[in-house]
Amino acid sequence: MVFETSKQYSGSRNVNQSLWSAENWPSFSVLEMACHHCGEVYLWHEFMDKLQKARDLSGYPFRIHSAHRCALHNARVGGAPLSQHLKMAVDIGLHGHDPQKLYQYCKIAGFTGFGFYSSFLHIDLGRQRTWYGNQKAKQIWQVY
């Protein structure tokens, strides 16, 4: 596994482009994967390869609501203290996707952690687990 980080200060959006491989991950930009608060980048090649595979299987663009979060941003949005977002996780918007197919594509790609929410699917490479954000999400996702 390859992990790289690039810390940006003062809310800079000028993240280190040299960490990014547009050739390997053409469906995603470094800015959408960086922390929305400070621009910090946490690049995990295995994760990005799996994300690109899921996107390719889907055939539809992924709207990334949240990817990497710095500790401060994670705390401010109410993220779990040990959230996978502190490394790399993504929340993919459901708009334009069949939820069951999106889940299946992400599972086939190799993701192991799944959070089912009303408007997005959380995926990560943490321990194998699933959860629902609330009762409405459980109804949307049913028995996936």
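Is there a quick way to get the dipole size of the chain? I mean about its Cα centre, with the Cβ of Lys and Arg at +1 and of Asp and Glu at -1; what is the value in debye to the nearest 20?
Values: 15 positive and 10 negative charges, 93 e Å.
In total the dipole reaches around 440 debye.
Under 10 Å, Cα contacts only: if you run a Gaussian network model on the chain, which one of HIS95, HIS73, HIS36 comes out with the highest mean-square fluctuation?
Looking only at HIS95, HIS73, HIS36, the biggest GNM fluctuation is shown by HIS95.
Report the equivalent ellipsoid semi-axes for the stretch 46-120 in whole Å, largest first, defined as the square roots of five times the eigenvalues of the gyration tensor built from alpha carbon atoms. Each step should come with its number before you reach the end.
Values: eigenvalues 97, 36, 21 Å².
They are 22, 14, 10 Å, listed largest first.
If you rank TYR132, TYR105 by fewest surrounding Cβ atoms within 10 Å, what's the result?
Details: TYR132 16, TYR105 23.
Ordered by Cβ neighbours within 10 Å, fewest first: TYR132, TYR105.
Divide by every residue of the chain the summed helix terms, -39500 (n - 2.57) for each DSSP H run of at least 4, and state the resulting mean residue ellipticity at 222 nm, rounded to the nearest 500 deg cm²/dmol.
Numbers: 5 runs with 42 residues, N = 144.
Computed ellipticity for the chain at 222 nm equals -8000 deg cm²/dmol.
If you take the charge dipole of the stretch 56-133 about its Cα centre, with +1 on Lys and Arg Cβ and -1 on Asp and Glu Cβ, which of SER58, HIS73, PHE114 is farthest toward its positive end?
Value computed over the given set: HIS73.
Viscosity 1.567 mPa s, temperature 4 °C: give me the Stokes-Einstein translational D for the chain in µm²/s, with Rh taken as the Kirkwood radius over C-alpha pairs. Write down the numbers at each step before the final one.
Working: Rh = 15.4 Å.
The calculation lands on 84 µm²/s.
With a cap of 14 neighbouring Cβ atoms within 10 Å, and only residues DSSP puts in a loop, list the trypsin sites (Lys or Arg not before Pro) found in the stretch 95-142. Show your work: numbers first, answer last.
Working: sites: LYS101, LYS107, ARG127, ARG129, LYS136, LYS138; in loops: ARG127.
Sparse-neighbourhood loop trypsin sites (Lys or Arg not before Pro): ARG127.
Give me the one-decimal nm value for the distance between modelled label points at GLN128 and LEU31, 7 Å along each residue's Cα-to-Cβ direction.
3.9
Can you tell me the dipole magnitude for the stretch 78-135 around its Cα centre, using point charges on the Cβ only (Lys, Arg +1; Asp, Glu -1), in Debye to the nearest 20? Intermediate values should be presented prior to the final figure.
Details: 5 positive and 3 negative charges, 37 e Å.
I would put it at about 180 debye.
Where in the stretch 43-63 does the amide nitrogen come within less than 16 Å of the point 7 Å from the Cα of GLN104, taken along Cα to Cβ?
Only 54-60 pass the distance filter.
Return the lysines within reach of LYS87: Cα separation strictly under 24 angstrom, same-chain partners fewer than 8 residues apart disregarded; answer none if there are no such residues.
Output for LYS87: LYS7, LYS50, LYS53, LYS107.
Where a number appears in this text, it was derived from the coordinates with a stated rule and is not lab data. Here the structure is a predicted model, which is why all the values come from computation and not from measurement. Every residue, glycine among them, receives a Cβ derived from its backbone with ideal geometry; neighbour counts consider all protein chains shown.
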